[in-house]
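Please read the structure below before turning to the comments.
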Amino acid sequence: MNDTTTQERVTTAGGTSSEAKLAFRLSGERGVANHGWLRSQHTFSFADYYAPAWMGFRNLRVINDDRVDPGKGFPTHPHRDMEILSYVLEGALAHKDSMGTGSEIKPGDVQRMSAGTGVRHSEYNASKTEPVHFLQIWIEPAARGIKPGYEQKNFAPADKQGKLALVASKDGRAGSVTVHADIALHAGVFATGERVVFEVTAGRHAWLHVAQGSVKVGGKRLEAGDAAYTADDRGGALIIEGDGSGEVLVFDLP
């Protein structure tokens, strides 16, 4: 679905600029919540986890790494003025909302829900026997009070293997889902020997989240739940290398 030839600032070898200056947020530093049926790790402040230094990064507000037991989930609850992305790593997540939308989200799918003026939804593990592991991502919208909306697309493994596929963007280009915010989200899966360089434009920022497995970023080995982010606004090359097998999300942010 995703034409990687249209992606800006992504190359497979070398770099056209000096390396970006990076800082790191490691998995073990995240907030932890254990509700029995739900085990969650919070990259940023969320619910009972309050960390004043980690209220978000640019317009990226939430990355929750959730594992939900079979048959369990989040009953119907409201959201407002937030762009919400769901990215399933294992299992299947059943979604229903007040817009009349119902679907299952599986690995390879990216779902976007624009809460806008207000929406109610529920999320449940679609299986009675297997757990579901997914990332829920919140992004602050460019404008408040928009009409609620929903979109879901699938990205084949070949779209992401050894490269970065554009899966969400503010204009829905290259087959990505449309997010009502200044953001471009790329997803990639890297085996040993695979390498890509993402060019961060001066004045913009990048956040890389390791969804599963491990990779090297700027020469540093990162494992599932770890993150690397640009430490200033000078931009530069973000170098991602396979280290075994790892899946990453790369956020291009204002």
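The values are calculated or read from the model by the stated rules, or taken from the named source; none is laboratory data. Since the structure is predicted, the reported quantities are computational estimates derived from the model, not experimental observations. Glycine also receives a Cβ, built like all others from the backbone with ideal geometry; neighbour counts cover every protein chain displayed.
Summary table below
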| quantity | calculated |
| --- | --- |
| Selection from segment 145-164 of residues that are surrounded by fewer than 18 Cβ atoms within 10 Å (Cβ to Cβ) and in a loop (DSSP other than H, G, I, E, B) | Gly145, Ile146, Lys147, Ala156, Gly162 |
| Test: Lys147 is more than 24 Å from His209 (Cα to Cα), touching a residue at least 12 places away in the same chain (Cβ under 8 Å) and of a type outside the set (Phe, Trp, Tyr) | yes |
| Odd one out for His42 among (1) loosely packed, with under 15 Cβ neighbours inside 10 Å; (2) at pLDDT 95 or above | (1) |
| Residue in segment 183-191 that is surrounded by fewer than 18 Cβ atoms within 10 Å (Cβ to Cβ), under 27 Å from Ser18 (Cβ atoms) and of a type in the set (A, V, I, L, M, F, W, C) present | yes |
| Contacts under 9 angstrom Cβ, first residue in segment 53-65 being without any contact (Cβ under 8 Å) to a residue 40 or more places away in the chain, partner part of a strand (DSSP E or B), 6 or more apart | Trp54/Arg25; Trp54/Gly31; Trp54/His42; Met55/Arg61 |
| Pair list, Cβ < 6 Å and 6+ apart or interchain, from segment 195-206 residues that are farther than 14 Å from Glu19 by Cβ and in contact (Cβ under 8 Å) with a residue 60 or more places away in the chain to residues that are buried (at least 21 other Cβ atoms within 10 Å of the Cβ) and not aliphatic (A, V, I, L, M) | His205/Thr230 |
| Failed condition for Lys216, given (1) more than 26 Å from Phe46 (Cβ to Cβ); (2) of a type in the set (Lys, Arg); (3) in contact (Cβ under 8 Å) with a residue 40 or more places away in the chain; (4) surrounded by fewer than 21 Cβ atoms within 10 Å (Cβ to Cβ) | (3) |
| Selection status of Ser245, buried (at least 17 other Cβ atoms within 10 Å of the Cβ), of a type in the set (Ser, Thr, Tyr) and closer than 21 Å to Val88 by Cα | no |
| Residues within segment 96-139 that are of a type in the set (Phe, Trp, Tyr) and over 14 Å from Glu83 (Cβ atoms), tallied | 2 |
| Total residues in segment 165-182, condition free of Cβ contacts under 8 Å to residues at least 12 places away in the same chain and crowded, with 21+ Cβ neighbours inside 10 Å | 0 |
| Strands (runs of 3 or more DSSP E) enclosed by segment 47-112 - at least 2 residues per element that are charged (D, E, K, R), surrounded by fewer than 19 Cβ atoms within 10 Å (Cβ to Cβ) and in contact with a Leu (Cβ under 9 Å, 6 or more places away or on another chain) | none |
| Breaking point among (1) closer than 21 Å to Glu104 by Cβ; (2) outside any strand (DSSP E or B); (3) touching a Lys or Arg at 6+ places or on another chain (Cβ under 6 Å), for Gly116 | (1) |
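Residues are listed down the side, and each one gets a yes or a no for (1) in contact with a His (Cβ under 6 Å, 6 or more places away or on another chain); (2) farther than 30 Å from Ala191 by Cβ; (3) basic (Lys, Arg):
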{"site": "Ser114", "(1), (2), (3)": "yes, yes, no"}
{"site": "Arg120", "(1), (2), (3)": "no, yes, yes"}
{"site": "Ala126", "(1), (2), (3)": "no, no, no"}
{"site": "Pro131", "(1), (2), (3)": "no, no, no"}
{"site": "Ile137", "(1), (2), (3)": "no, no, no"}
{"site": "Ala143", "(1), (2), (3)": "no, yes, no"}
{"site": "Asn154", "(1), (2), (3)": "no, no, no"}
